[in-house]
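Only the coordinates and a few stated rules stand behind these numbers; no lab work does. None of these values were measured; they are calculated from a predicted model. Virtual Cβ from ideal backbone geometry, glycine too; neighbours counted across all protein chains shown.
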């Protein structure tokens, strides 16, 4: 039953992925306008930080405990920041299609490694012929997108 309910999340995830493609070109425009990539990175993060601050103040969720913070791995807060900065710096040079293709392909390949080795406390998912074929097709696809 849990797998059936997860299927309803797929359209939402697909929409989020489609909207995620807007980020690097928008951030590139921001970087060109502000001229400073580091200032553009800061400005890019400000709206989401403001929104999350409002949500934290308005929604009744507990704040972390000292034990929770002490037990948090050092790498936990770093997810996503490098991708935003890479987009700010490079999408204008390679194009939105190549940039998205490269980041998504790299994401798939790394996700397969994370699944295979159970990294970041994830459940282990063995590599199968289907998963390897899918990864190879992703690599072939980005090679075609980047070349043409």
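For the reader, a short list of remarks on this structure follows.
- Rg/Rh, computed from the Cα trace of the chain with Rh as the Kirkwood radius, has the value 1.01.
- Peptides ranked, highest mean first, by Cβ atoms within 10 Å: ranges 54-67, 35-48: 35-48, 54-67
- Each of residue 114 and residue 86 was given a label point 7 Å from its Cα along the Cα-to-Cβ line. The distance between the two points is 1.3 nm.
- Gap separating the Cα centres of the stretch 69-141 and the stretch 12-65, nearest whole Å: 19
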